[in-house]
Amino acid sequence: MNMKIFVIIPSFNEAERIGRVLEELSILPYQVVVVDDGSSDQTAEVLKNYSVDYLRHKINRGQGAALRTGTDYALEQGADIIVHFDADGQFLTTEIEKIIYPLKNQEIEIVFGSRFLGIKSEINFLKKFFILPFAHLVNFLFFGIRTTDPQNGFRAFKSSVAKKIQIEQDGGAHCSEILAKAFQNKLKWKEVPVTVLYNRFGQSVFASRGRGQSGLQILRDLLFSKIIK
Amino acid sequence: MWLQILITIFIVLILAKVFRQWRQERTTLFVFLSWSFLWLAILLVFWVPEITSYLANFLGVGRGADLIIYLSIVVIFYLIFKIFIRLNKTDRQITKLVREDAINNAEKR
């Protein structure tokens, strides 16, 4: 069976890095959707060289919002499998096949990438021993999430379950949100070891630097969403 | 005395504004009456400060001034919460608009 696989790449001011990712993706059999989240750099120019679907947020709405836009679009286009990816090259395009494998060949509905299943990612000390375990605890206590990786942006799911994990968190809290919804709806899930390259930018605990939110902002969004619901 | 006169002028101006808004049907009667009541109460407190003490004693709070501060804090927190919720909603609406626009204008390359 020939499945329509859509790879969603939210991008905010990644003109310098997104080219390499798209270059790698161009030889793979996926439909690539780039959601430009109101970038002020040359992203649109760079994309001209690649055959991708290009969606643009007129103003910056955050990574979660951009992923949802791409996902909604892919559903409209009749996607069978939707992959969430990253523009800055922190994930390996060669691992996409690995992450969609369980969806194609097993009774699995959603697959999460994990940094803690064998493959070595270079995670810094603070993140490894304090931040991620804390995120892990928050996820478990508040949302009943039991994955080994509390915050991983590399995931894939069948379009049939997309409605159940609709993203409402515009910012970085969408990671935990999707996990929480997958567990609430008792989706058949699986974790697959993936590599994460921390060669360039990352998130900081306190300050948000240009792209993305800080860890504390994510925590605030998550807890706030618990209160007002 | 001067403070009281100043505050009175200030409150009369506010009441006039609230009244105008109601006449021009920009607010409901309920909103108009609530604001009027609030500002008239403030006016009363400035001219007859003793009444806050009666009220405070009645409610079991030491002084009238303390009561006002307690009430103010409650009201302020409530308003902040309302604004918070409202902002959240506005944010979501903006995202929805931006998303619809992005999907409608998707370019295939």
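Before moving on, here are some points about what is shown:
- Here the Karplus curve 6.51 cos²θ - 1.76 cosθ + 1.60, taken at θ = phi - 60°, turns the phi angles of the stretch A:174-179 into couplings of 5, 4, 5, 4, 5, 4 Hz, with x standing for Gly and Pro.
- In terms of the mean number of neighbouring beta-carbon atoms within 10 Å, the peptides A:10-21, A:47-58, B:7-18 order highest first as A:10-21, A:47-58, B:7-18.
- Net charge of neighbours whose Cβ lies under 14 Å from the Cβ of A:Y30, counting Lys and Arg as +1 and Asp and Glu as -1: -3
- Three principal axis extents of the stretch B:65-109 based on alpha-carbon atoms, in descending order, are 68, 11, 7 Å.
- The charge dipole of chain A, taken about its Cα centre with unit charges on the Cβ of Lys, Arg, Asp and Glu (plus for the first two, minus for the last two), comes to roughly 760 debye.
- Where a label projected 7 Å from the Cα of B:I103 along Cα→Cβ would reach, residues of the stretch A:53-89 with amide N under 14 Å: A:55-57, A:65-79
- Debye log10 I(q)/I(0) at q = 0.06, 0.08, 0.11, 0.15 Å⁻¹ for the protein assembly as shown, Cα point scatterers: -0.33, -0.52, -0.76, -1.20
- Computed from backbone phi, the HN-Hα couplings of the stretch B:23-36 come to 4, 7, 6, 8, 10, 8, 4, 4, 4, 4, 5, 4, 5, 4 Hz, rounded to whole numbers (Karplus: 6.51 cos²θ - 1.76 cosθ + 1.60, θ = phi - 60°; Gly and Pro given as x).
- Length released on extending from B:K89 to B:L3, taking residue separation times 0.36 nm less the Cα-Cα span: 26.9 nm
- Ordering A:S160, A:V33, B:I80 by Cα displacement along the dipole of the protein assembly as shown toward the positive end leaves B:I80 in first place; charges were set at the Cβ atoms of Lys, Arg (+1) and Asp, Glu (-1).
- Phi-derived couplings, Karplus 6.51 cos²θ - 1.76 cosθ + 1.60 at θ = phi - 60°, listed residue by residue for the stretch B:95-101: 4, 4, 4, 4, 5, 4, 4 Hz, with x used for Gly and Pro.
- For A:E191, the residues whose amide H sits under 5 Å from its own are A:F112, ignoring neighbours fewer than 5 places away on the same chain, with H placed 1.01 Å from N.
- Close amide H pairs (under 5 Å, H built 1.01 Å from N) link A:Q42 with A:A15, residues at least 5 positions away or on another chain.
- Both radii come from the Cα set of chain B: Rg as radius of gyration, Rh as Kirkwood radius; their ratio Rg/Rh reads 1.23.
Computed from the coordinates by the stated procedures, all read-outs in this text should not be read as laboratory data. Note that the coordinates shown come from a computational prediction; the quantities given were computed from them, not determined experimentally. Cβ: placed from backbone, ideal geometry, glycine included. Neighbour counts: every protein chain shown.
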